[in-house]
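The values are calculated or read from the model by the stated rules, or taken from the named source; none is laboratory data. Worth saying up front: this structure is predicted, and the values here are computed from it rather than measured. Virtual Cβ from ideal backbone geometry, glycine too; neighbours counted across all protein chains shown. For the accessible areas, the whole protein counts, side chains as well, though only heavy atoms, and no ligand, DNA or RNA atoms are used. Shrake-Rupley method; radii C 1.70, N 1.55, O 1.52, S 1.80 Å.
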Amino acid sequence: MTEEEDEEDEEEEEEKKRKKKKKRKRRRRKKKKRNMTIRETFAKHRENPDCAGCHSRIDPLGFALENFDITGRWRDKYENGRNVDMSGTLVKKHTFKDIVEFKKSLTFEEKRITRAFIGHLMRFATAKELNPADSLRIDEIMEKTKNKNFTIRSLIREVILTESFRNS
């Protein structure tokens, strides 16, 4: 064997060792991840400043429904045997420990949630970003649907009757 071939063999061996080490590291991370709860996984995710802004607001809503698995079945434990923790805080004001308390906390923010829902519905229905004039439309829809307890049917009806929707 030439010196060059020896060097190539050594490089190949080193590359194999690096790949094995990487594979072991991936397996350890995967095993550790399997033992994490969704709450712990998302806490890690929120460490990224690009993600934290939105996730710090939306994650508590998801945690409130954590007792339901991806098919909607109720669960008290994750597959790894750890207990499901569905507690949280809604809009930094209302703490809850279960789905009943979460539902109750939503009622404290009914107008705020309805307003946000109308805004999302209008953006979806018109396929455009909202402008300042749309804020007035949202106020009108809130006023018109208040006596119907902001039912989804009444909200959709009022959105499709807006000029913004008809002109989109």
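The heavy atoms of V159 present about 0 square angstrom of accessible area, all protein chains included, probe 1.4 Å. The residues neighbouring D69, those whose beta-carbon lies less than 10 Å from its own, together hold a net charge of 0 under the Lys/Arg +1, Asp/Glu -1 convention.
Put a dot 7 Å past the Cα of S154, heading toward its Cβ, do the same for C51, and the two dots end up 4.0 nm apart.
Computed over protein heavy atoms with a 1.4 Å probe, the carbon and sulfur contribution to the accessible area of the chain reaches 53%. Computed with a 1.4 Å probe over protein heavy atoms only, the accessible surface of the chain comes to 80 Å² per residue. Ignoring everything but the protein chains, give the 1.4 Å probe accessible area of K20 in square angstrom, nearest 10. Accessible area, nearest 10 Å²: 130 Å². Can you tell which of R153, R57, R115 shows the greatest fluctuation in a Gaussian network model of the chain with Cα springs below 10 Å? Maximum fluctuation in the GNM of the chain, among the listed residues, is at R153.
Estimated at 0.36 nm per residue, the fully extended path between D139 and E109 surpasses their Cα-Cα distance by 9.2 nm. Take the Cα of N167, step 7 Å toward its Cβ, do the same at A127, and the gap between the two points is 1.8 nm.
What shape does the stretch 21-168 take by its C-alpha gyration tensor, where a ≥ b ≥ c are the square roots of the eigenvalues and a/c under 1.5 counts as rounded, a/b above b/c as prolate, and the rest as oblate? Because a/c hits 1.5 or more and a/b exceeds b/c, the stretch 21-168 counts as prolate. Rounded to 0.05, the FRET efficiency of the N83 and A43 pair, given R0 = 22 Å and the Cβ-Cβ distance, is 0.85. Against the chain, whose longest principal axis is taken from its Cα atoms, helix 3-34 shows a tilt of about 40°. State the answer as a single residue: which of T107, N131, L121 lies farthest towards the positive end of the charge dipole of the chain, with beta carbon charges of +1 for Lys and Arg and -1 for Asp and Glu, about the Cα centre. Farthest towards the positive pole: T107. Enter the accessible area of I113 (Å², nearest 10), with the probe set to 1.4 Å and all protein chains included. About 70 Å², ignoring ligands and nucleic acids. Of the residues D59, D9, ranked by 1.4 Å probe accessible area with the largest first, the sequence reads D9, D59.
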